[in-house]
Amino acid sequence: MREFSLYAITGEAFHPERDLLEVMEEAILGGVDIIQLRDKTSSKRDVLQKAKALRELTKKHDVMFIVNDHIDVALAVDADGIHIGQDDLPLADARKIMGQDKIIGISTHQIEEAREAEAGGADYIGVGPIFHTNSKVDVVDPVTTNYIEQVVAEIKIPFVAIGGIKLHNVQQVIDAGATRICMISEIVGANDVKGVCEQFTSILSERVKR
Ligand code: TZP
Ligand code: MG
C-alpha cells in the first residue's frame, strides 16, 4: 500500500451539526492520507450511500479510502480496502473476497494478534487502544505505549496507533516509535478540523525528519 502517516476515521456523533463530507474534506485539506468510513448504526443502504460519496471525495483528492466492516460495500464502491476487527471475517476469507490488490487492515490489541495478522498477509495493523477512549463501545482496556514498543521491535508491516490520541499526548505515541496515527474524535470533533490535521501533519513530519 502507499505510504501514509495521518489516518482519520469518520465519527458523525462528534459533529451532529455538520455534514460528513464537509468535515472529511477539511481533514483531507489538512493533510490526512487515509479516510475510513466507520458507521456501526446506519442501515447497509445508508452506509453504501456514504461510501459512494466518500469514494468520490477521496478520488478527487487522491486520498486512500477504507471501509470498516462492510466488505460488500467496499467492493461495490471500489474502495482501496477494508478494516476488520478480531471478531469479523477471518483474514484469509476476507482476502479471498477482496483479492490481492486491495488493502486489508486489522485491529490488534496484543502482540499475538499482530503476529497472526502479519503472517496472514494483512497490509497494516491497528495498534490500540493506546489510551482511554469513549469512541468505541466494546473497547478493551488501554494497551498503553508498551504495546507500540513491542510492535516496533517485532512486526515489519505498517502499523497505526489508535485510541484516545490527542494533540496533548501524541508525543508519547511518537516517542514509543509510532510513525502513523489514527483518530476519530480529536479530528472530526474539532472546531477547526483542517487546523488540527495540519498540526498533526507537521508533528509527524518532524518525527520523520529526525
Ligand atoms: N479502535 C480502537 S480505539 C478506537 C477504535 C475505532 C476509537 C478511536 O477513537 P478516538 O476518538 O480517536 O479515541
Ligand atoms: Mg469490525
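No lab work stands behind these numbers, since they all come straight from the coordinates. Note that the structure is a prediction, hence the values are computed from the model and not measured. All Cβ positions, glycine included, derive from the backbone under ideal geometry; neighbour counts span all protein chains shown.
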**OP:** Mind telling me which of 161, 53, 122 comes out most flexible in a GNM of the chain, alpha-carbon contacts under 10 Å?
**Re:** 53
**OP:** Please work out the FRET efficiency for the pair residue 101 and residue 21, using the Cβ-Cβ distance as r and a Förster radius of 25 Å; give the result to the nearest 0.05.
**Re:** 0.40
Original post:
Stretched out fully, how many nm does the piece from residue 168 to residue 199 gain, at 0.36 nm a residue minus the Cα gap?
Top reply: 10.0 nm
Subject >> 13 Å cut-off, amide nitrogen to a point 7 angstrom out along residue 29 Cα→Cβ, residues in segment 167-201 >> reply: 192-198
Subject >> Karplus (6.51, -1.76, 1.60) ³J(HN,Hα), θ = phi - 60°, over segment 84-92, in Hz, Gly and Pro reported as x >> reply: 10, x, 5, 9, 8, 3, x, 3, 4
**OP:** Report relative contact order for segment 6-209 in percent, whole number only (criteria: Cα-Cα under 8 Å, sequence separation at least 6).
**Re:** 22
Original post:
Which trypsin sites (Lys or Arg not before Pro) from segment 35-108 combine a DSSP loop assignment with at most 14 other Cβ atoms within 10 Å?
Top reply: 40
